[in-house]
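Have a look at the structure below, then the notes.
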Amino acid sequence: MPQEEERLSRRKLFGLVKDKLVGAGSAALQVAAPKLASGLLRPPGAVEEEEFLATCRRCGKCIEACPGGALREAGPEHGLALGTPYLVPGEVPCSLCLTCQQVCPSGAIQSLARDKVRIAVAVIKRDRCLAWQGGMCRACYDRCPDRGRAMVLESFRRPVIRESDCSGCGNCAHACVLKPAAIVMKPVEKRG
């Protein structure tokens, strides 16, 4: 009988430990997943993140339709965003063709005029930028599809981003001759 009691208490102990671990893991996922998802850069025209996660069907049509291969599918490391499309514009810039808007069946990516697109905003790391360090470089400026509006050259030919006009396509970061690039793409608070 004492051996049976010991076995029951071991079972109870292991059961309690298992329940606690599963509960802690589940709670951690619920806390971490929205944070992970909120840092992802979404396709042009994507609705706000919470609505995007609820609306996106994870069908992959936008990813398949992207002619430049800029859209990727979020993996398990992205928590609740699993299966949703996202961009890493510094690696593969968005061409702003807006095909993803045309093929989205759920409304998670809505039709938006090209000049209203706000995927992200480019941020120049002036302490690394060749032009800001006195060098002769304008690779980012030359690649910006909205140069003269979203990106301008100030005195001494230094590039400056006008945040309100930057679409966040990533052409500038992709064109940067430095690796890692002296331009990073930062999520915008309200995207389009």
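The values are calculated or read from the model by the stated rules, or taken from the named source; none is laboratory data. Source: prediction; values computed, not measured. Note that each Cβ is placed from the backbone with ideal geometry, even for glycine, and that neighbours are counted across all protein chains shown.
Structural remarks
- Residues in the range 70-116 that are crowded, with 18+ Cβ neighbours inside 10 Å, under 19 Å from A150 (Cβ atoms) and modelled with pLDDT of 95 or more: A70, L87, P93, C94, L96.
- Remark: G69 matches the filter, which requires a residue to be part of a loop (DSSP other than H, G, I, E, B) and outside the structural domain of H174 (by TED's automatic domain parsing).
- Within the option set A113, A181, being touching a helix residue (DSSP H, G or I) at 6+ places or on another chain (Cβ under 8 Å), under 28 Å from I63 (Cβ atoms) and of a type in the set (G, A, S) holds for one residue only, A181.
- Scanning the range 150-189 for residues that are within 14 Å of R118 (Cα to Cα) and of a type in the set (K, R) yields R162, K186.
- Long-range neighbours under 6 Å by Cβ, at least six apart or interchain, first residue assigned to a strand (DSSP E or B) within the range 149-164, second loosely packed, with under 12 Cβ neighbours inside 10 Å: V160/E154
- Residue match in the range 118-137 (condition: closer than 27 Å to T84 by Cβ, aliphatic (A, V, I, L, M), in contact with a Pro (Cβ under 8 Å, 6 or more places away or on another chain) and assigned to a loop (DSSP other than H, G, I, E, B)): yes
- On the stretch given as the range 162-191, residues that are among the polar types (S, T, N, Q) and surrounded by fewer than 19 Cβ atoms within 10 Å (Cβ to Cβ) total 1.
- Criterion (more than 16 Å from G45 (Cα to Cα) and touching an Asp or Glu at 6+ places or on another chain (Cβ under 9 Å)) met by exactly one of A173, A181, A139: A173
- Filtered by the rule that a residue be surrounded by 14 or more Cβ atoms within 10 Å (Cβ to Cβ) and either touching a Cys at 6+ places or on another chain (Cβ under 6 Å) or of a type outside the set (A, V, I, L, M) (or both), the range 150-161 gives A150, M151, R158, P159.
- Scanning the range 131-139 for residues that are in contact (Cβ under 8 Å) with a residue 24 or more places away in the chain, touching a Lys or Arg at 6+ places or on another chain (Cβ under 6 Å) and over 30 Å from E49 (Cα atoms) turns up at least one hit.
- Whether a residue is under 25 Å from P67 (Cβ atoms), assigned to a loop (DSSP other than H, G, I, E, B) and touching a residue at least 12 places away in the same chain (Cβ under 8 Å) was assessed, and V92 passes this test.
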